[in-house]
Amino acid sequence: MSAETAFTVTSIACQTLGLAFAADGFHRTFKSSAASGDRFFKLVLATEAAMLGRWRSSLVRGVRRLLRRPARTITGTLGAALSVEVAMNARGIVQFGPLPDPAQAPAAFASEVECRLNKVYRLAQVLEHNLKREEDSRREVDDRVTSDLVARISSLEEDSKRADIRGLREQVLGWFFVVLGLVAQTLADLVF
């Protein structure tokens, strides 16, 4: 095997190996960053179609300017909705028997009303205390769930970053081999 053939074979092997590494790196980076149902080539083709659409619209705009024609009017709708609901209800039912007749026994009526008001006040305090305790326990549960979710999210972000970096390393290694192959091919062309 001649030196020129060896350089050419080395060049082709390095470029092929480099392209394989780069493609695998692209695929790994895509898999770690994309949603679970996304397909690589479908998104690549959609991106290419969007790019061609932008180029077409730029070309049409340029031709319209060149021919001094006004741009088309584009109409569209824009909408947004936001809904937040919070509901907390507390209900207490207190029932008492009949009150004494205020015309016949005003002192008994006054003491019974005072007694009932005190009882309602105590019940309201107990209810308020129970609601505060329940609110505190819910807040503790919310804090635990929030801290757990934050820990999970940060763990997933770290995993995703590691996977992205792994894919980027493979891409860099692949492009290095492609460049090495091109250098070998150029040397073969210059020397031989």
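The values are calculated or read from the model by the stated rules, or taken from the named source; none is laboratory data. All figures in this text were calculated on a predicted structure; none of them were measured in a lab. All Cβ positions, glycine included, derive from the backbone under ideal geometry; neighbour counts span all protein chains shown. We work out accessible area using only protein heavy atoms, side chains counted, and drop any ligands, DNA or RNA first. Shrake-Rupley method; radii C 1.70, N 1.55, O 1.52, S 1.80 Å.
For the reader, a short list of remarks on this structure follows.
- With Cα atoms, 0 to 90° folded angle of helix 3-33 axis to the chain main axis: 10
- Environment charge of ARG138, counting only residues whose C-beta is closer than 12 Å and scoring Lys/Arg +1, Asp/Glu -1: -2
- GNM flexibility winner over the chain from ARG69, ARG54, ARG39 (Cα, springs under 10 Å): ARG69
- Carbon + sulfur, % of accessible area of the chain - ligands and nucleic acids excluded, 1.4 Å: 61
- With contacts taken as Cα pairs under 8 Å and at least 6 residues apart, the chain reaches a relative contact order of 68 percent.
- GNM result for the chain, Cα springs below 10 Å: residue of VAL113, VAL145, VAL178 fluctuating most strongly: VAL113
- Whichever lysines have a C-alpha closer than 26 Å to that of LYS31, once near sequence neighbours (fewer than 8 apart) are set aside: LYS42, LYS161
- Using a Gaussian network model of the chain in which every pair of alpha carbons under 10 angstrom is joined by a spring, one finds that among ASP143, ASP101, ASP159 the greatest mean-square fluctuation is at ASP101.
- Those lysines that a straight Cα-Cα span of less than 30 Å connects to LYS119, excepting residues fewer than 8 apart in one chain: LYS132
- Taking other residues whose beta carbon is less than 13 angstrom from the beta carbon of PRO106, and scoring Lys, Arg as +1 and Asp, Glu as -1, yields -3.
- Cα gyration tensor category, rounded, prolate or oblate, for the chain with a/c compared to 1.5: oblate
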